[in-house]
1. Got a sec? Which of A:I16, A:I11, A:I49 is surrounded by fewer than 17 Cβ atoms within 10 Å (Cβ to Cβ) and in the same structural domain as A:V117 (by TED's automatic domain parsing)?
2. Inspect all residues belonging to the stretch B:52-63 and state whether any of them is among the hydrophobic types (A, V, I, L, M, F, W, C), within 25 Å of B:R144 (Cβ to Cβ) and touching a residue at least 60 places away in the same chain (Cβ under 8 Å).
3. Test of understanding: among A:A23, A:A80, which residue is assigned to a helix (DSSP H, G or I), closer than 30 Å to A:S2 by Cβ, within 22 Å of the chain's Cα centre (by Cα) and small (G, A, S)?
4. Can you tell me how many residues within the stretch B:104-122 are in contact with an Asp or Glu (Cβ under 8 Å, 6 or more places away or on another chain) and assigned to a strand (DSSP E or B)?
5. Mind checking which residues of the stretch A:255-279 are more than 7 Å from chain B (Cβ to nearest Cβ) and of a type in the set (A, V, I, L, M)?
6. If you check A:A66 against the conditions, is it of a type in the set (G, A, S), more than 17 Å from the chain's Cα centre (by Cα) and part of a helix (DSSP H, G or I)?
7. What is the number of the single condition among (1) part of a helix (DSSP H, G or I); (2) touching a residue at least 12 places away in the same chain (Cβ under 8 Å); (3) of a type in the set (K, R) that B:R7 does not meet?
8. For the stretch B:96-136, give me each residue that is surrounded by 16 or more Cβ atoms within 10 Å (Cβ to Cβ) and either of a type in the set (A, V, I, L, M, F, W, C) or in the same structural domain as B:W236 (by TED's automatic domain parsing) (or both).
Protein chains: 2
Amino acid sequence: MSVIYDRVALIGLGLIASSMFWAMKRAGVADEVTGYAKSQETRETARRIGLCDRVCDTAQQAVEGADLVVLCVPVGVMGAVAAEIAPALKPGCTVTDVGSVKRDVIANVSPHLPEGVHFVPGHPLAGTEHSGPESGFAELFENRWCLLVPPEGTDREAVARLRRLWEALGSNVDEMEAEHHDLVLAVTSHAPHLIAYTMVGVADDLGRVTDSEVIQYSAAGFRDFTRIASSNPVMWRDICIANRAALSDVMERYIAEMGELAQALRRGDGDHLLEIFARAKTARDRYIDGILDSSE
Amino acid sequence: MSVIYDRVALIGLGLIASSMFWAMKRAGVADEVTGYAKSQETRETARRIGLCDRVCDTAQQAVEGADLVVLCVPVGVMGAVAAEIAPALKPGCTVTDVGSVKRDVIANVSPHLPEGVHFVPGHPLAGTEHSGPESGFAELFENRWCLLVPPEGTDREAVARLRRLWEALGSNVDEMEAEHHDLVLAVTSHAPHLIAYTMVGVADDLGRVTDSEVIQYSAAGFRDFTRIASSNPVMWRDICIANRAALSDVMERYIAEMGELAQALRRGDGDHLLEIFARAKTARDRYIDGILDSSE
């Protein structure tokens, strides 16, 4: 594969950035990849394991001369990092990010970027339960979606080039508007995390009473259901706060539907329950198995 | 292994009963196992595949002379089946069941059983997404919990004998009170099913608007989370109605906790979210990983 960007800068060196580095090197799509992390310990680890061609001690050094800058920091600090690197950005370069929320990131990053720099926000739908510079691997993005969310008026050539990069890393790429992205992610990812935290909290209340029988007797389903409750609480606080408008709407819908179920239970209305269950089974079998059949 | 019951009758021939048959035969703990299913098609399938030593055309024929009768029918019909077999039960035999709810089953079954018959309600915590007489396999109960819920005053020898049977099938056996069982199962199994149905319903509402992008872009987590929404809606209606007292209490707790999260989101209260997330992560890591480390 031929080079897509001569120089790429990775700002933040966690799971996503380290996986991007190994994947870009394997694909041969970037000549030099620089990296920066706020923590000295992370920078030292990166140097030790050969993560990035050059690890820099400031974010500005890392982005100097870069054709592509990838913000791989928590969504809560994207704006501050953009302000920090802005003076050092090469004219005409592309800035992207990998945050799980897009409206909030766009609102916080865009104002800092100089005229002539192309901002193409992105979100690779990939992850594991691990984090940090040593958790990355080149295959993370294979057959995963990467969503690009360019604001109206973004340079089309800049978008097309970033798309080629993600495709070279093995991803399927699609474009959508930021507001739509945030709603879809609230339903498929952010709300499930909130629900998993809720389930563990309720089980824990009961567990204290019952010497953890709740967990002891729980079928594998409950364990799987709540696995994501072991995710990094700080990262998820930031994501939830950044997407709070869409997410609180989705949560209100869940609460309303669960309230309907609880009421049907109280009045012993089996017909109503059956109607809801049958509709959900049909929807899941149709949508999900259809997708799985065609893609896996 | 030596014989524990000379004759066992399985009433209802789905996943649990067929797995019990193969497991009992493998362990050599029952001399003759009879079986009955309401549907003629199921009885014919059972005869064709050699499920049960003798398949009977009525439930009364199946239980005649049996030392152990296992009710493997949906929880909604346990009472009617108990009434049907009662006149044919051998004096001194043990009747058990495999229903997912215990208070409701005990209330519906006990009144029909004659004096001198021992009723020891049970619940093997095992299952797959498959059902029917051809879905059973001898290993289903290995390393799974089986909960026995004998009402106060139950003959201890009858309980001990049934425990030996489940242990011979590979299960870990524990005893608890019916009310406690129903609350624990509401938290670990029944409420998760209701939540999965809710999640699919909300996603479906959105999916119709967005050409099923919700599912297309959903990470594996959402798919796993909602897999149980493909379970049999009729069986789950019956379970939820039978356990509606405990289950509606648990649902109200979920709704209250989710409401608290939604309010914290609306006011942008990241500290409160972090507190809830961190507590849940600690609880899950402590309880679940502790259990997994020690048992798997």
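The values are calculated or read from the model by the stated rules, or taken from the named source; none is laboratory data. Nothing here was measured: the structure is a model prediction, and the numbers come from that model. For neighbour counting, all protein chains shown are included, and Cβ atoms are generated from backbone atoms with ideal geometry for every residue, glycine included.
1. Answer to the check: A:I49.
2. The answer is no, given that none of the residues of the stretch B:52-63 is among the hydrophobic types (A, V, I, L, M, F, W, C), within 25 Å of B:R144 (Cβ to Cβ) and touching a residue at least 60 places away in the same chain (Cβ under 8 Å).
3. Values: A:A80 fails: closer than 30 Å to A:S2 by Cβ.
Being assigned to a helix (DSSP H, G or I), closer than 30 Å to A:S2 by Cβ, within 22 Å of the chain's Cα centre (by Cα) and small (G, A, S) holds for just one of A:A23, A:A80, which is A:A23.
4. 2
5. Scanning the stretch A:255-279 gives A:A256, A:A264.
6. The answer is no for A:A66.
7. Among (1) part of a helix (DSSP H, G or I); (2) touching a residue at least 12 places away in the same chain (Cβ under 8 Å); (3) of a type in the set (K, R), B:R7 violates only (1).
8. B:V98, B:V101, B:V105, B:I106, B:V109, B:L113, B:V117, B:F119, B:V120, B:L125, B:A126
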